[in-house]
Amino acid sequence: MVSAPRTAGTAARYGGAQQRAALLNRVRESGSLSEAKGVVYAFREMKRLGYSLDDVSLHYRGNQGMDLIFSNGTRHAVVEAKHGAYLSSLKTYSGLRQGSLRYNVSRLNRYLDYGDGTHNAFVNQLLNEAAAGQLESFGTFYRSGRIFELPPGWPTVPAIQR
């Protein structure tokens, strides 16, 4: 009896070649093993929720920018992928909390100002979705095995565990 190669299970877990390539690109961008673990965990959880990873890097000035962008049909979601365990892993920069709508819009605008311009049209689309209240946001936490949807009013409005 011939058994299926071990890679068959891996392929099913991580999706087709395009999704695996997108994940590999985001893992390569991560600065450490712990960050890479957070990225892979985010990928798995978002896949479980029916999302696909977009193979775009929205970084500027080194490693600043958006962690991950996913899509589900016509909707997009920004994901803060953390190795940590809790929402407290989401930091505050210039008064804006990671994962909040204002933070996400700020980082998208910074990409337009300081990024390489490769994805400007896509970023403008995401900004339009944000203005229409359609850009979703999630935080994933590798160490606790949790994922939270961060609604538009977050952190004033409670996060929703998924």
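Throughout, read-outs are computed from the coordinates displayed, never taken from laboratory work. Since the structure is predicted, the reported quantities are computational estimates derived from the model, not experimental observations. Counting neighbours? That spans all protein chains shown, and the Cβs are built from the backbone with ideal geometry, glycine included.
Using Cα pairs under 8 angstrom and six or more residues apart, how large is the relative contact order of segment 70-162, in percent? It would help to have the intermediate numbers written out before the result.
Numbers: 140 pairs, mean separation 31.8, N = 93.
Relative contact order of segment 70-162: 34 percent.
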Computed about the Cα centre, the charge dipole of the chain from +1 Lys/Arg and -1 Asp/Glu charges at the Cβ has a magnitude in debye, to the nearest 20, of 540
Relative contact order as a percentage, segment 7-161, C-alpha pairs under 8 Å and 6+ apart, gives 22
The chain -> Rg/Rh from Cα coords, Kirkwood Rh, value 0.98
If one builds a Gaussian network model of the chain from Cα atoms under 10 Å apart, the most fluctuating residue listed among S30, S100, S88 is S88
Cα convex hull volume per residue for segment 32-127, in Å³, equals 104
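Return the loop-located trypsin sites (Lys or Arg not before Pro) in segment 31-99 (DSSP other than H, G, I, E, B) with at most 15 other Cβ atoms within 10 Å of their own Cβ; answer none if there are none.
On the way: sites: K37, R44, K47, R48, R61, R75, K82, K91, R97; in loops: R61, K91.
Of the trypsin sites (Lys or Arg not before Pro), the ones in loops of segment 31-99 whose Cβ has at most 15 other Cβ atoms within 10 Å are R61, K91.
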With the label point 7 Å along the Cα-to-beta-carbon line of R162 and a cut-off under 16 Å to each amide N, the hits in segment 118-148 are 130, 134-142, 145-148
